[in-house]
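Engineer: Once you've had a glance at the structure underneath, I'll fire off some questions.
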Amino acid sequence: MVLTVEHYDVVVIGGGPGGYATALYGASAGLNIAMVERGKLGGTCLNVGCIPAKELLETAAAYRHASEAADFGIQTGVPTIDWGTSLVRKDTIVTSLVSGLGSLLKGRKVTVLDGHARLHAGKRVTVSGGASGDLEVTGDAVVLAPGSVPRTLPGFDVDGTVVMTSDEFLSIATLPERAAIVGGGVIGCEFTSLLADLGTRVTILEALPKILPGLDKDLTKVIEKSFKGRGIEIRTDVKVEGHSPHEHGTTVQAGGEGLDVDVVVVSVGRQPNTGDLGLEGTAVVISDRGFIEVDAGCRTGEPGVWAVGDAIATPALAHIGFIEGVNAIRDILGEDPAPVDYDKVPWAVYCRPEAAFTGLSEEAAKEAGFEVVTQKSRFNHNGRAMIVNQPEGMVKVIAEKGPNGRAGRILGVHMVGPWVTEQLGQGYLAVNWEATVDDMAFLIQPHPTMTEVLGEAMISLTGRPLHG
Ligand code: FAD
């Protein structure tokens, strides 16, 4: 039975990055917002995604630094791993961010409702099954941000011990000796890298011809070389057929061969969490693949209802959820935001070496019909990269060939190497402001920094390299 009905300017369903960005930005603009979350504030990203994954990768980095300390004249002995302490640190950071988010929402006077939300005709949202009890809220606008859950594979029932998805992996009780990572995408490569750095023998099983689709082929090769050098086996073009658990783990059948491992981490992407959103009597459409259908402005078929984040068929990244939430609010306010250009969004992969890219790879640019000029500049001559002992990797700039045959508009910036996830910003601006090589080449890069490699790539494209 419905007990109360309250009205808001905007009702948001889901408290992950898409939902909470909508709520926070809307509240900043003076709107009265209710946000319904049935699980934990922060959604996948804060609880079982970006934050815990990067925290555990930092554990791997700390172990590596300790192992390499002797190169700097620091004698630490052979480092050992106390995985339990690492998990506690990860949980502490997650808890602190989740509670910080709660305080931020409270400070902005967002009404946070705990329960499962369903949308009905007339922008009515019922909430049930949680600490807020059964109630109904209505909004002048509604934003759907129910996010996604890990995809699984037939024949791989998740038990959290031998077969796991990212949800279970991020709290794995002990480090396995041998692991199969099914899927060589962003998450698969991050898990591979962290496990291998902590001593696990890892095999990646990838159905496509290469790992990390989207990243320029030359740069994927750098990562593959680094992975192989660390004993990681990469099997591409391979179909995973099933597995047979036994006393010491399981045998994964892939490409007609058996692979004995202690754990299998299934990281084959995510599926939209749109199964139980109500929607009867509304014009919101769910596609065959489970995504909420939207136009370029994230508007659903139902007037006054938007959808953002992983539940729509746009790149499944927290920062995409953020900007879609911001844009939805701006649209609600009548500010006519420019739609996101999804071909030019920033991507960041936190494996070792890191990868970061925006815009077209060389292959994609050629497929799109561009004539291109490219430049690869490497980190192995860069002072800062040598100082931090991470000289592998390169920056590749893909520029459109101008009528004079010279490099013109920048179409893509793809990077692999130390801290490139922190360095992509200039490339992002260049691609999104449609800067030319000449616009970028004479900007000053501070010395000594790793961004000098991007500067070198740009000046080299003018035909006059400086250091390279
Ligand atoms: P979610 O974060 O999934 O949040 C949706 C929320 O809605 C959930 O809390 C859910 O409980 C709630 N909900 C769903 N239905 C209802 C309902 N009917 N009623 C009430 N509540 C509901 N992205 C990056 O940008 N950078 C990274 O480094 C990165 N690393 C990742 C690492 C891993 C291991 C994983 C799994 C993901 C990673 N991502 C990363 C992706 C990122 O986590 C997601 O893109 C992001 O969380 C999506 O935000 P969202 O708000 O759309 O959905």
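Engineer: Quick one: which of 107, 147, 100 is under 28 Å from residue 317 (Cα atoms) and surrounded by 19 or more Cβ atoms within 10 Å (Cβ to Cβ)?
Structural biologist: 147
Engineer: Just one of the numbered conditions (1) within 14 Å of residue 385 (Cα to Cα); (2) touching a Lys or Arg at 6+ places or on another chain (Cβ under 9 Å) is not true of residue 462; which one?
Structural biologist: It is condition (1) that residue 462 fails.
Engineer: Hey, can you tell me all the residues within the stretch 340-359 that are open to solvent by less than 30 Å² (accessible area, probe 1.4 Å), part of a loop (DSSP other than H, G, I, E, B) and in contact with a Leu (Cβ under 8 Å, 6 or more places away or on another chain)?
Structural biologist: 345, 351 - these are the residues of the stretch 340-359 that are open to solvent by less than 30 Å² (accessible area, probe 1.4 Å), part of a loop (DSSP other than H, G, I, E, B) and in contact with a Leu (Cβ under 8 Å, 6 or more places away or on another chain).
Engineer: Go through (1) free of Cβ contacts under 8 Å to residues at least 60 places away in the same chain; (2) hydroxyl-bearing (Ser, Thr, Tyr); (3) within 12 Å of the ligand (Cβ to nearest atom) for residue 99 and report which single condition fails.
Structural biologist: Against the list (1) free of Cβ contacts under 8 Å to residues at least 60 places away in the same chain; (2) hydroxyl-bearing (Ser, Thr, Tyr); (3) within 12 Å of the ligand (Cβ to nearest atom), residue 99 comes up short only on (3).
Engineer: What's the number of the only condition in (1) surrounded by fewer than 18 Cβ atoms within 10 Å (Cβ to Cβ); (2) within 14 Å of the ligand (Cβ to nearest atom) that residue 337 fails to meet?
Structural biologist: With (1) surrounded by fewer than 18 Cβ atoms within 10 Å (Cβ to Cβ); (2) within 14 Å of the ligand (Cβ to nearest atom) applied to residue 337, the lone miss is (2).
Engineer: Could you run through the stretch 360-394 and say how many residues are farther than 22 Å from residue 404 by Cβ, open to solvent by less than 40 Å² (accessible area, probe 1.4 Å) and not in a helix (DSSP H, G or I)?
Structural biologist: Looking only at that region, the number is 6.
Engineer: Can you find a residue in the stretch 317-327 that is open to solvent by 20 Å² or more (accessible area, probe 1.4 Å) and part of a loop (DSSP other than H, G, I, E, B)?
Structural biologist: Yes: the stretch 317-327 contains one or more residues that are open to solvent by 20 Å² or more (accessible area, probe 1.4 Å) and part of a loop (DSSP other than H, G, I, E, B).
Engineer: Same structure, new question: Could you list all residues from the stretch 10-38 that are within 8 Å of the ligand (Cβ to nearest atom) and in contact with a strand residue (DSSP E or B) (Cβ under 9 Å, 6 or more places away or on another chain)?
Structural biologist: 13, 14, 15, 16, 18, 19, 20, 36, 37, 38
Engineer: List every residue pair whose Cβ atoms sit under 6 Å apart, with the two residues 6 or more apart in sequence or on different chains, where the first one lies in the stretch 320-332 and is closer than 20 Å to residue 45 by Cα and within 14 Å of the ligand (Cβ to nearest atom) and the second, anywhere, is assigned to a helix (DSSP H, G or I) and open to solvent by 30 Å² or more (accessible area, probe 1.4 Å).
Structural biologist: 326/25
Engineer: Can you spot a residue in the stretch 128-136 that is crowded, with 21+ Cβ neighbours inside 10 Å and either part of a strand (DSSP E or B) or within 11 Å of the ligand (Cβ to nearest atom) (or both)?
Structural biologist: So far as the stretch 128-136 goes, no, none of its residues is crowded, with 21+ Cβ neighbours inside 10 Å and either part of a strand (DSSP E or B) or within 11 Å of the ligand (Cβ to nearest atom) (or both).
Engineer: Filter the stretch 19-46 down to the residues that are closer than 17 Å to residue 116 by Cβ and under 16 Å from the mean Cα position of the chain (by Cα), then identify the one that is least open to solvent (accessible area, probe 1.4 Å).
Structural biologist: 43
Engineer: Just one of 457, 430 is modelled with pLDDT of 95 or more and farther than 21 Å from residue 223 by Cα; which is it?
Structural biologist: 430
Residue-by-condition table, conditions (1) modelled with pLDDT under 95; (2) of a type in the set (D, E, K, R); (3) within 27 Å of residue 314 (Cα to Cα):
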site	(1), (2), (3)
212	no, no, yes
221	no, yes, yes
228	no, yes, no
235	no, yes, no
240	no, no, yes
252	no, no, no
255	yes, no, no
259	no, no, no
267	no, no, yes
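Engineer: Here's something else I'd like to know. State all residues of the stretch 17-41 that are in a loop (DSSP other than H, G, I, E, B) and more than 18 Å from residue 305 (Cβ to Cβ); if no residue qualifies, say none.
Structural biologist: 29, 30, 38, 39, 40, 41
Engineer: Would you confirm, using the coordinates I've provided, whether residue 106 is of a type in the set (Lys, Arg) and in contact with a Pro (Cβ under 8 Å, 6 or more places away or on another chain)?
Structural biologist: When the stated conditions are applied, residue 106 does not pass them.
The values are calculated or read from the model by the stated rules, or taken from the named source; none is laboratory data. Values in this document were obtained by computation on a predicted structure and should not be read as measured data. With ideal geometry, Cβ positions are generated from the backbone for all residues, glycine too; neighbour counts draw on all protein chains shown. In case anyone asks, the SASA skips ligands and DNA or RNA and just uses the protein heavy atoms, side chains included. Shrake-Rupley method; radii C 1.70, N 1.55, O 1.52, S 1.80 Å.
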